[in-house]
Amino acid sequence: MLFYEIKVHYQRQTGEDNPGAVKETYLVEGLTCADVENRLMEEIKSLIFGDCEVVSCKKAQFYDMISSPEADKWYKARVELITVEDNGKETRKAVPILVQATTMDFALKNLQQKMASLDCEVISIQKSPILEVLRAVN
């Protein structure tokens, strides 16, 4: 399965006041953009007040995804994997990894723990706009 990053704009009831416009990003696992758009609309239909517009849907590739059930934020990290060939030549490959954590410090800690068995270097880590990850149901 593939993951798609979907950006949506819609009116959302924000309390007792009038509805407010929101722009949200979701990561949804599925086969095609149409498939994941339909799934996302079904998931968020109870939140929508008025029209909903899918602004973009694009494939998102991650080398790994580190989730943490108690966490509420997602962070995108770039990690450089280091391998040494038989001839002694060092090869470096930068890969994106998605990490769920409550803070950036915890995201970095979780990432370092997960990658401890690999020869790698964290290049960058930043808060992601992804609000939620919806995995395929088997």
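Derivation of every value follows stated rules applied to the coordinates shown; laboratory data play no part. Worth saying up front: this structure is predicted, and the values here are computed from it rather than measured. Note: ideal-geometry Cβ built from the backbone for every residue, glycine included; neighbour counts use all protein chains shown.
Below, the figures for the structure above:
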read-out: Rounded to 10°, Cα long-axis angle of helix 104-114 versus longest principal axis of the chain; value: 50 degrees
read-out: Charge context of THR32, other residues only, Cβ under 15 angstrom, K/R +1, D/E -1; value: -1
read-out: For the chain, cysteines whose Cβ has no other cysteine Cβ within reach (under 4.7 Å); value: CYS52, CYS120
read-out: Test item: Cα-centred dipole of the range 64-129, Lys/Arg +1 and Asp/Glu -1 on Cβ, debye; value: 260 debye
read-out: Size of charge dipole - the range 1-135 - debye, nearest 20, with Cβ of Lys, Arg +1 and Asp, Glu -1, no other charges; value: 240 debye
read-out: Computed lengthening from MET41 to ASP86, 0.36 nm per intervening residue step minus Cα-Cα distance; value: 11.2 nm
read-out: Relative packing of peptides 112-118, 96-102, 30-36, 52-58 - highest average C-beta neighbours within 10 Å first; value: 96-102, 30-36, 52-58, 112-118
read-out: Residue-span extension gain [SER67 to VAL55] - 0.36 nm each, minus C-alpha spacing; value: 1.7 nm
read-out: Over the chain: Kirkwood hydrodynamic radius from C-alpha pairwise inverse distances, Å; value: 16.8 Å
read-out: Percentage relative contact order, the chain, counting C-alpha pairs under 8 Å, at least six apart; value: 28 percent
read-out: Cα-only Debye scattering, the range 64-129: base-10 log of I(q)/I(0) at q = 0.12, 0.14, 0.17, 0.19 Å⁻¹; value: -0.32, -0.41, -0.56, -0.67
read-out: Using alpha-carbon coordinates, inclination of helix 33-44 to the longest axis of the chain, degrees; value: 60 degrees
read-out: Qualifying lysines (Cα of each under 25 Å from Cα of LYS76; at least 8 residues distant if same chain); value: LYS7, LYS23, LYS58, LYS59, LYS93, LYS109, LYS114, LYS127
